[in-house]
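Report on the following structure.
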Amino acid sequence: MEQRAVDQLKTIARINRSYPDFQMSSSERLERWAEILELNPDRSLSTFRETEYQPDEIRAAMRGDGTAIAVAFGDPVLRAAGMRDDTYGEARRFFELSDRQIHKLVCFCHFGAHVSASTVAHQVRSIATRRSSGPLAYLASFFRR
């Protein structure tokens, strides 16, 4: 990849300095996460151990290289939309997920030590689909779990 200074780029491209203020709905953020995971569907992702047994502050700070959350944080679009780091707590906040939802996506007890990116993408997309179906469908999804 060739790197250039902003002044050099201005001669060949239009620079959009408002990009860091990029806004996405929570459903759009989830959909983007699923798309990123599907770019490499066979990728083996690490899981988190026993998230449900950790105190809130420990659980919120959990992170790991090669996790589904780390994949999301590696995306410049999601970072521009406001994702601040690759911790469990930040994923919960940024994607507007309940503890139950994020637990189902990244915990060892559901998948073992590793899970395929396509499996997590399917789960993420399922949450996004329920959410985009409207507020009543979103509320109803809590009672189905």
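Nothing in this text is a laboratory measurement; each read-out follows from the coordinates by a stated rule. Small disclaimer: the values here were computed from a predicted structure and weren't measured. Positions of Cβ are generated from backbone atoms using ideal geometry, with glycine treated the same way; all protein chains shown enter the neighbour counts.
What the phi angles of the range 29-43 give under the Karplus curve with 6.51, -1.76 and 1.60, with θ = phi - 60°, is a coupling list of 5, 5, 4, 4, 4, 4, 4, 5, 4, 6, 5, 9, x, 8, 4 Hz, glycine and proline written as x. Rounded to the nearest Hz, the phi-derived 3J(HN,Hα) couplings of the range 100-115 under the Karplus curve 6.51 cos²θ - 1.76 cosθ + 1.60 (θ = phi - 60°) are 4, 5, 5, 4, 5, 8, 10, 8, 3, 5, 8, 10, x, 5, 9, 9, where x marks glycine and proline.
Please give the net charge around residue 74, taking every other residue with its beta carbon less than 11 angstrom from that of residue 74, where Lys and Arg add +1 and Asp and Glu add -1. Show your work: numbers first, answer last.
Values: positive: 79; negative: 65, 75, 86.
Local charge sum for residue 74: -2.
Of the peptides 91-99, 78-86, 52-60, the ranking by mean beta-carbon count within 10 Å, highest at the top, reads 91-99, 78-86, 52-60.
Residues whose amide H lies under 5 Å from that of residue 45, counting only those 5 or more places away or on a different chain, are 115, 116, 117; hydrogens are built 1.01 Å from N in the peptide plane. Net charge of the neighbourhood of residue 108, taken over other residues with C-beta under 11 Å away and scored Lys/Arg +1, Asp/Glu -1, is -1.
Here the range 24-144 is assigned +1 on the Cβ of each Lys and Arg and -1 on the Cβ of each Asp and Glu. Its dipole about the Cα centre then comes out at about 300 debye.
Kirkwood Rh, the range 58-117, all Cα pairs: how many Å? This gives a value of 11.7 Å.
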